[in-house]
Amino acid sequence: MVKEIERAGIPVVHICTVTPISQTVGANRIVPAIAIPHPLGDPSLPLEEEKAVRRRIMNAALKALSTEISEQTVFDVD
Amino acid sequence: MSKKRVVHYINQFFAQIGGEEMAHVKPEYREGPLGPGLAFGPAFGDHAEIVGTVICGDSYFNENMEEAKAELLKMIKAAKPDLFIAGPAFNAGRYGVACGAISEAVKNELGIPVLTGMYEENPGADMFKSAVYIVSTRNSAVGMRDAVKKMSALALKMLKDEPIGASSEDHYIPQGIRVNLFEKDRGSKRAVDMLLKKLKDQPYVTEYPMPAFDRVDPQPAVKDIRSAKIALVTSGGIVPKGNPDHIESSSATKYGRYDLEGVNYLSKNRYATAHGGYDPSYANEDPDRVVPVDMMREFEKEEKIGSLYRYFFSTVGNGTAVKNAKAFAEEFSKELIEENVQAVILTST
């Protein structure tokens, strides 16, 4: 799906846990997530901290979308 | 002659430890064959036997790949194998990646022959097909008998030091290696034969398949993310409760488009995941963990983004055919373009 969205002309960021799979499939902008069953959350944390984690990942996603790239890039979450 | 020693890798499911709820289990070693390993015994006959089975949860392996590989290697080495087999993983993505990764590690670290088996669309196949022999299997465990037959035949060839045939003869996924050989007929005759078959609409096999490089160039960055309209898409299967579009829990043939007008976060009372193959409890407890509508709404208020697109798109990525996923995105991307959506955030489980 990532590739077809990009092919249609829209920049896309893929947030996923197993980034090597995303690279193999061919996503260009990739942001690593927490875990397979809860990519944008961490049930072991209290709600406020969990939301802070989600915010950091989403910030990285916005940064990825705003960054010019020439090849597949895995962005860091601050 | 004593039997050759084989060590077998399987996941928590095939070890009958449990399904998704046990996908976090750490590596362990058990004596003798287990699960699908039992089927290899008769095929090996007097030549070889599975002396031990290493097991690891699919999530644990994929989320802690280096540690998992190191722990498993220690167990495998201690069992002194002559050959290592992993899987078959069929179309189970994390299991396929684990089978490929541990096989490659055993080959490199212990220097013994290794093989695994999986379906050609398994992401593990593309990642490891040039590193290890991957027997091509069907996409589900329905193909177990056939997979065991082909894998054990290749394993025996390896143990007897017999030359491995071409990928089409020994049923493994092509590794991209060319081998010189003499054909019975010269090239011109083979080409004309092929052309005649093609003209008559008869099946023929090309001698030079075109490589399938399916890469898309990255789109330019979003100029001003603060004013951009952004859509959320997921392969994590989040849908309104009751799954109104009946999206399948695996091998999905459809996707859903759901209205977010007036929705500030994905409440567990109104949304849930339709996805099979991963433990759904975390996603069901708070669906924003998969589709972060809550954070997008906060970003809107903080003017970090222009707006969240009114609809989100969702399907189940579990074993879903590449062809279907491609068709879904082709279709909804048209709407995104028409509605001037400038960027997409796609989340996967």
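For the structure I just gave you, tell me whether A:Glu48 is farther than 26 Å from B:Asp126 by Cβ and of a type outside the set (Phe, Trp, Tyr). It would help to see each step written out before you state the result.
Values: farther than 26 Å from B:Asp126 by Cβ: yes; of a type outside the set (Phe, Trp, Tyr): yes.
For A:Glu48, the condition - farther than 26 Å from B:Asp126 by Cβ and of a type outside the set (Phe, Trp, Tyr) - is met.
Screening B:Val216 with (1) surrounded by fewer than 18 Cβ atoms within 10 Å (Cβ to Cβ); (2) of a type in the set (A, V, I, L, M); (3) over 27 Å from B:Ser307 (Cβ atoms) gives one miss only, at (3). Cβ-Cβ distances below 7 Å connect the following pairs, each with a first residue in the range B:174-199 that is of a type in the set (A, V, I, L, M), a second residue that is surrounded by 10 or more Cβ atoms within 10 Å (Cβ to Cβ), and a separation of six or more residues or different chains: B:Met194/B:Tyr204.
Residues that are closer than 14 Å to B:Phe313 by Cα and more than 10 Å from every other protein chain (Cβ to nearest Cβ) within the range B:236-245 comprise B:Gly237, B:Ile238, B:Val239, B:Pro240, B:Asn243, B:Pro244, B:Asp245, listed in sequence order.
Looking only at residues of the range B:48-99 that are within 13 Å of chain A (Cβ to nearest Cβ) and of a type in the set (Ser, Thr, Tyr), we find that the one that is surrounded by the most Cβ atoms within 10 Å (Cβ to Cβ) is B:Tyr95. The set of residues in the range B:165-181 that are modelled with pLDDT under 90, open to solvent by less than 50 Å² (accessible area, probe 1.4 Å) and not in a loop (DSSP other than H, G, I, E, B) contains only B:Ser167.
Please find, among B:Val233, B:Val222, B:Val216, the residue that is in a loop (DSSP other than H, G, I, E, B), within 14 Å of chain A (Cβ to nearest Cβ), within 30 Å of B:Val316 (Cβ to Cβ) and modelled with pLDDT of 95 or more. Talk me through it step by step, then tell me what you get.
Numbers: B:Val233 fails: in a loop (DSSP other than H, G, I, E, B); B:Val216 fails: modelled with pLDDT of 95 or more.
Going through B:Val233, B:Val222, B:Val216 in turn, the sole match is B:Val222.
With respect to the conditions (1) of a type in the set (Lys, Arg); (2) within 28 Å of A:Glu49 (Cα to Cα); (3) more than 29 Å from the chain's Cα centre (by Cα), B:Lys241 falls short on a single one, namely (3).
Condition first: in contact with a helix residue (DSSP H, G or I) (Cβ under 9 Å, 6 or more places away or on another chain), open to solvent by 20 Å² or more (accessible area, probe 1.4 Å), without any contact (Cβ under 8 Å) to a residue 24 or more places away in the chain and within 26 Å of A:Gly26 (Cα to Cα). Can you find one or more residues in the range B:155-164 that meet it? No, that holds for no residue. B:Gly45 meets the stated requirement of being out of contact with any Pro (no Cβ under 9 Å at 6 or more places or on another chain) and open to solvent by 10 Å² or more (accessible area, probe 1.4 Å). The number of residues in the range A:32-46 that are open to solvent by 40 Å² or more (accessible area, probe 1.4 Å), within 8 Å of chain B (Cβ to nearest Cβ) and among the hydrophobic types (A, V, I, L, M, F, W, C) comes to 0. When the range A:47-73 is filtered for residues that are open to solvent by 60 Å² or more (accessible area, probe 1.4 Å) and either in contact with a Gly (Cβ under 6 Å, 6 or more places away or on another chain) or more than 19 Å from B:Val293 (Cα to Cα) (or both), the ones remaining, listed by number, are A:Glu68, A:Ser70, A:Glu71, A:Gln72.
Of all residues in the range B:247-302, those satisfying the criterion of being in contact (Cβ under 8 Å) with a residue 12 or more places away in the chain, out of contact with any helix residue (DSSP H, G or I) (no Cβ under 6 Å at 6 or more places or on another chain) and of a type in the set (Asp, Glu) are B:Glu248, B:Asp259, B:Glu261, B:Glu285, B:Asp286.
Any chance the range A:2-12 includes a residue that's without any contact (Cβ under 8 Å) to a residue 24 or more places away in the chain and more than 7 Å from chain B (Cβ to nearest Cβ)? No, that holds for no residue.
Can you go through A:Gly26, A:Gly9 and tell me which one is out of contact with any Ser or Thr (no Cβ under 7 Å at 6 or more places or on another chain), open to solvent by 20 Å² or more (accessible area, probe 1.4 Å) and at positive phi? Steps first, answer last, please.
Values: A:Gly26 fails: open to solvent by 20 Å² or more (accessible area, probe 1.4 Å).
Selected residue: A:Gly9, the only one of A:Gly26, A:Gly9 that is out of contact with any Ser or Thr (no Cβ under 7 Å at 6 or more places or on another chain), open to solvent by 20 Å² or more (accessible area, probe 1.4 Å) and at positive phi.
Of B:Ala23, B:Ala78, B:Ala48, B:Ala43, all but one fail to be closer than 27 Å to B:Ser281 by Cβ and assigned by TED's automatic domain parsing to the domain that holds B:Ser136; the exception is B:Ala23.
Suppose the filter is out of contact with any strand residue (DSSP E or B) (no Cβ under 8 Å at 6 or more places or on another chain) and surrounded by 14 or more Cβ atoms within 10 Å (Cβ to Cβ); does B:Ser188 pass it? Before you say what the answer is, go through the steps one by one.
Details: out of contact with any strand residue (DSSP E or B) (no Cβ under 8 Å at 6 or more places or on another chain): yes; surrounded by 14 or more Cβ atoms within 10 Å (Cβ to Cβ): no.
Against the criterion (out of contact with any strand residue (DSSP E or B) (no Cβ under 8 Å at 6 or more places or on another chain) and surrounded by 14 or more Cβ atoms within 10 Å (Cβ to Cβ)), B:Ser188 does not qualify.
The values are calculated or read from the model by the stated rules, or taken from the named source; none is laboratory data. Please read all numbers here as calculations on a predicted model, not as lab measurements. Quick reminder, even Gly has a Cβ in these numbers, built from the backbone with ideal geometry, and neighbours come from all protein chains shown. These accessible areas exclude ligands, DNA and RNA; they are computed on the full protein's heavy atoms, side chains included. Shrake-Rupley method; radii C 1.70, N 1.55, O 1.52, S 1.80 Å.
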